1. Kindly write out, for the stretch 78-95 in residue order, the coupling ³J(HN,Hα) from the Karplus curve 6.51 cos²θ - 1.76 cosθ + 1.60 (θ = phi - 60°), rounded to whole Hz, with x marking Gly and Pro.
2. Suppose R0 equals 25 Å; then what is the FRET efficiency for GLU73 and ALA25 from their Cβ-Cβ distance, rounded to the nearest 0.05?
3. Within the chain, how many Lys pairs sit with Cα atoms under 20 Å apart, leaving out pairs fewer than 8 places apart on the same chain?
4. Taking θ as phi - 60°, what are the ³J(HN,Hα) couplings along the stretch 60-69 by the Karplus curve (6.51, -1.76, 1.60), each to the nearest whole Hz, with x for Gly and Pro?
5. What list of ³J(HN,Hα) couplings, whole Hz, do you get for the stretch 32-42 from phi and the Karplus terms 6.51, -1.76, 1.60, once you set θ to phi - 60° and write x for glycine and proline?
6. Return the Cα extents of the stretch 5-94 along principal axes one, two and three, sorted largest first, each rounded to a whole Å.
Amino acid sequence: MASTKEYLEFVLEQLSELEEISSRAMMGEYILYYRGKVFGGIYDDRLLVKPVPAAVKMMPDAELELPYDGAKEMLLVDDVDNREFLCKLVQSMWEELPETKKKK
């Protein structure tokens with residue numbers, strides 16, 4: 001099932017306090033970026049983030065879920081209604097995220 005544009009817009013609005021948040025549509029889903037690094041995405045209208053140590057520390061009870069078949073597990077963010085928490089989560093993850101691979 002593809003994610004809805006409305007859910008993407010909701011999540012982006014929740015993260016609007018952060019500068020340099022962007023998204024890119026990919027096969028009916030959305031990849032999310034903060035300051036040029038991928039931190040997660042929206043898959044089947046679920047916000048999933050990379051399981052970096054900062055995210056695990058902030059959400060110790062979060063479930064690991066597959067964004068799609070064959071992908072690595074990601075953390076499910078349950079508290080998408082909490083704008084302050086979401087912004088803090090994404091900011092805390094940035095240092096631990098891998099650099100975006102340059103296209104050849």
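Just so you know, all these numbers are worked out from the coordinates, no wet-lab data involved. Computed from a predicted structure; not experimentally measured. Every residue, glycine among them, receives a Cβ derived from its backbone with ideal geometry; neighbour counts consider all protein chains shown.
1. 7, 8, 6, 7, 8, 4, 4, 4, 4, 5, 5, 4, 5, 4, 5, 7, 3, 4
2. 0.65
3. 15
4. Computed from phi, the couplings for the stretch 60-69 are x, 9, 5, 7, 8, 9, 8, x, 6, 4 Hz.
5. With coefficients 6.51, -1.76 and 1.60, one gets 10, 10, 10, 6, x, 10, 6, 10, x, x, 10 Hz.
6. If we take the Cα atoms of the stretch 5-94, the spans are 32, 29, 23 Å.
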